[in-house]
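Student: Take a look at this one; I'll ask things after.
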Amino acid sequence: MITIEHLAKEFRVPVAATKKAGGLAWPGRSASSRIVHAVRDVSFDAPEGRITGLLGPNGAGKTTTLRMLAGLITPDAGHMSVDGIDVVTQAGAALARMGMLSDARGLYPRLTARENIVYYGRLQGMEPDAANARAEQLAQMFEMNALLDRRTDGFSQGERMKTALARALVHDPANIVLDEPTNGLDVLATRALRESLRWLRSPEGGAKCIVFSTHIMQEVERLCDGVVVVSHGRTVASGTVDDLLEQTGQTDFEEAFVRLAFSADERAHHEVAGPT
Amino acid sequence: MNKFRMALTVYRKEIVDALRDRRTLLTVLASSVLMGPAVLVAISALVATLESRAELRQVYVVGMEHAPSLKNFFERQTYTVKAAPADFEAQLRGAKLADPVVVIPKGFEAALLRGEAPVVEVVVDSANQRSQAGAARIERLLSGFGRERATLTLALRGVSVDLLEPLQVEDRDLASTQTRATQITGMLPYFVMMAVLYGALNAALDTTAGERERGSLEPLLMNPLDRWVLVLGKWAAVASVGMLIAVLSSLSFLPGQWVLRSDTLAAMFQYGLREASMFLVVLLPFAAAVSAVLMAVAIRCKTFKEAQASATVVMLAASLLPLINVFSLGSESPWYLWVPALAQNVLMTHVLKGEPLGAAQIAVPLLVCVALTVLGVWFVARSLRSAAVR
């Protein structure tokens, strides 16, 4: 169970240099910086045994929200809890209850898939034998037995994705958070991932609480039990796919999403500017 | 205890990762292990040629036929007179001729008899170091001839030879054999330090900027362990690689000694297990500090390449600071010990000179290294979170 209430985060961005090479930012020099509201007001509940889709256009604040949930960024305001544990004050305990597949999912190329997975198990406090057994179990589930003892160096996108997912789930967390998991995956790999997530949601799979961020509505339609639409750093709507269709009076989910996520002005602007 | 086990897990993984980077590791290891013998062979070959030149006792002359008395003197000093090649100037410039050339003008003998002090040239090229080295020897030989002539002339007139030398000059060299040897072996500490630096460089960059570039830092931080535990494990792994290089390169001078071709140099260059362990006392804290500093520099960089560029500043500082000791020609100031890299160079030079290291001499650089390590690890731990998401 993941609860997020009125989350907000702003960043100071230097104006003159939009892309600074060294990453050296001087927060004191406010004269040449402007404030970007990455997240203004995001709230949602993700219960057990359900897949909650976090749907929003690029730059809506999905990744920032999930990074705050992972304790990588401290929020300016709001409250987050995982199974009742506060994320900000008890980061370690909260992280132990979550399996996170972040936007960045780099593996160690000189280690085998098994070593990559077991390393994370050990960092989660598992004994070597337990971590190894779990790696084999996950390999069975994601059909990657043949990959397990190969170095991840030459892995395809799909193989990398499976390894990263197995790595995130090694400690069998009750809550699973996935940031754009289908990015760069082909049709078959996407299907396999969907199947795995459905199984993890089912009572046999552990009735996990799954949060899934994406900007692709077809995935939400096919997979999610609940949808949270995020736009310009705010939660603008939430409910099931049918709820949202009803709320906007549309029959097409894409049209419903566009109406929820973008203002009338933005839609008009795009229609004029875009190719007709 | 649990934190210690976590740090150990990180350490093990980083070590396995570093050891599997075979190509980089082999290059660094091979160069650090082979460096000792290679440098010693080069030095001993140089010394051996200089020695053999001196032993040959030969002198290259142009126009020997003009000076039969000088030829007679050379031969009485058991020197072999050789006619210089016609293009000796070009050969000296091109460093093909390794001996200075004596040029005797026409009418030398007659001028000598008339007491007109004829001019004898000793031709060297100061850029040609080998000919330069022989020049002093030839000049001594020629002034010996001059003194003999003067003595004879005075004796013929019944004047005492002692009048010519109202005072006597005698050299007394206080330097021990080992101290003199450091004039030649002085660059060894420098090579060892470079080996340690380059050994730690790759591992330090890989665990920080490399981790960012691969996109594995963000997921790594989503594990419930303290950041300083993570950084401590990483630092310990990098420092271990640096220390391994330090041990190997310090020990490489032991077998390197066996290949010394020059007996004089072998006698002067005293490097046994005691010296090797003193080197390590100086180098191990240095390897630890350098690892932390390199990691701190690299954590701000998004890519390995960018980190290499930033690390150049550290490498440059570490290679230039020891030169202060080289250029100060042996007069040390107390503040040298407070400067990392310079202090290590100073101490290792002391070890090569066969001088004992005092407790304070070891303690000050050790303190500096510990401070740098703590600072570097703290900085990396602090920057880790913002580095992961940027």
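The values are calculated or read from the model by the stated rules, or taken from the named source; none is laboratory data. All figures in this text were calculated on a predicted structure; none of them were measured in a lab. Cβ: placed from backbone, ideal geometry, glycine included. Neighbour counts: every protein chain shown.
Student: Taking A:Ala133 as the residue in question, decide whether it is in a helix (DSSP H, G or I), more than 14 Å from chain B (Cβ to nearest Cβ) and not basic (Lys, Arg).
Tutor: yes
Student: Within segment A:64-75, is even one residue more than 7 Å from every other protein chain (Cβ to nearest Cβ) and touching a His at 6+ places or on another chain (Cβ under 9 Å)?
Tutor: Within segment A:64-75, none of the residues are more than 7 Å from every other protein chain (Cβ to nearest Cβ) and touching a His at 6+ places or on another chain (Cβ under 9 Å).
Student: Okay, next question. For segment A:112-126, enumerate the residues that are more than 7 Å from every other protein chain (Cβ to nearest Cβ) and under 15 Å from B:Val10 (Cα atoms).
Tutor: A:Glu115, A:Asn116, A:Ile117, A:Val118, A:Gly121, A:Gly125, A:Met126
Student: Restricting to helices (runs of 4 or more DSSP H) lying wholly in segment B:296-390: which have 2 or more residues that are under 19 Å from B:Leu188 (Cβ atoms) and aliphatic (A, V, I, L, M)?
Tutor: B:304-327, B:342-353
Student: Which of the residues belonging to segment B:237-266 are modelled with pLDDT of 90 or more, surrounded by 20 or more Cβ atoms within 10 Å (Cβ to Cβ) and small (Gly, Ala, Ser)?
Tutor: Correct list: B:Ala237, B:Ala239, B:Gly242, B:Ala246.
Student: If you scan segment B:297-321, which residues turn out to be touching an Asp or Glu at 6+ places or on another chain (Cβ under 8 Å) and away from chain A (no Cβ under 12 Å)?
Tutor: Within segment B:297-321, just B:Phe304 meets the criteria.
Student: For a quick check of your reading of the model, give me the residue pairs whose first member lies in segment B:96-119 and is on the phi < 0 side of the Ramachandran plot and in a helix (DSSP H, G or I), whose second is modelled with pLDDT under 85 and among the acidic types (Asp, Glu), with beta-carbon atoms closer than 8 Å and at least 6 apart or on different chains.
Tutor: Here the result reads none, with nothing in segment B:96-119 linked to a residue that is modelled with pLDDT under 85 and among the acidic types (Asp, Glu).
Student: In addition: Within segment B:126-139, work out how many residues are at pLDDT 85 or above and surrounded by fewer than 18 Cβ atoms within 10 Å (Cβ to Cβ).
Tutor: 1
Student: Now for a separate question. Scan segment A:138-148 and tell me whether some residue there is within 14 Å of chain B (Cβ to nearest Cβ) and of a type in the set (A, V, I, L, M, F, W, C).
Tutor: Among the residues of segment A:138-148, not one is within 14 Å of chain B (Cβ to nearest Cβ) and of a type in the set (A, V, I, L, M, F, W, C), which makes the answer no.
Yes/no matrix, rows are residues, columns are (1) in a helix (DSSP H, G or I); (2) surrounded by 19 or more Cβ atoms within 10 Å (Cβ to Cβ); (3) touching a strand residue (DSSP E or B) at 6+ places or on another chain (Cβ under 9 Å); (4) in contact (Cβ under 8 Å) with a residue 60 or more places away in the chain:
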| residue | (1), (2), (3), (4) |
| --- | --- |
| A:Glu195 | yes, no, no, no |
| A:Gly206 | no, no, no, no |
| A:Glu219 | yes, yes, yes, yes |
| A:Val228 | no, yes, yes, yes |
| A:Asp243 | yes, no, yes, no |
| A:Glu246 | yes, no, yes, no |
| A:Thr251 | no, no, no, no |
| A:Glu254 | yes, no, no, no |
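Student: For the structure I just gave you, tell me whether A:Ala139 is surrounded by fewer than 21 Cβ atoms within 10 Å (Cβ to Cβ), farther than 18 Å from A:Cys209 by Cα and of a type in the set (A, V, I, L, M, F, W, C).
Tutor: So A:Ala139 fails the test.
Student: Pick from segment B:184-196 the residues that are surrounded by 23 or more Cβ atoms within 10 Å (Cβ to Cβ) and of a type outside the set (Val, Ile, Thr): which of them is nearest to the other protein chains (Cβ to nearest Cβ)?
Tutor: Among those residues, the one meeting the criterion is B:Ala195.
Student: Continuing with the same structure: Would you say B:Leu34 is touching a residue at least 12 places away in the same chain (Cβ under 8 Å) and within 26 Å of B:Ala236 (Cβ to Cβ)?
Tutor: So B:Leu34 does not fit the description; no.
Student: Filter segment B:96-112 for residues that are of a type in the set (D, E, K, R), within 34 Å of the chain's Cα centre (by Cα) and under 18 Å from B:Phe145 (Cβ atoms) and give the result.
Tutor: Within segment B:96-112, just B:Asp99 meets the criteria.
Student: Now, a different point. Which one of the conditions (1) surrounded by fewer than 18 Cβ atoms within 10 Å (Cβ to Cβ); (2) in the same structural domain as B:Glu109 (by TED's automatic domain parsing) does B:Thr27 fail to meet, given that it meets all the rest?
Tutor: (2)
Student: Here's something else I'd like to know. Taking the condition of being among the small types (Gly, Ala, Ser) and more than 7 Å from chain B (Cβ to nearest Cβ), how many residues in segment A:94-111 meet it?
Tutor: 2
Student: Does segment B:52-73 hold any residues that are more than 38 Å from the chain's Cα centre (by Cα) and under 18 Å from B:Glu139 (Cα atoms), and which are they?
Tutor: Answer for segment B:52-73, where residues must be more than 38 Å from the chain's Cα centre (by Cα) and under 18 Å from B:Glu139 (Cα atoms): B:Val62, B:Gly63, B:Met64, B:Ala67, B:Ser69, B:Leu70, B:Lys71, B:Asn72, B:Phe73.
Student: Given the condition away from chain A (no Cβ under 14 Å) and either assigned to a helix (DSSP H, G or I) or in contact (Cβ under 8 Å) with a residue 24 or more places away in the chain (or both), answer yes or no: does some residue in segment B:13-27 qualify?
Tutor: yes
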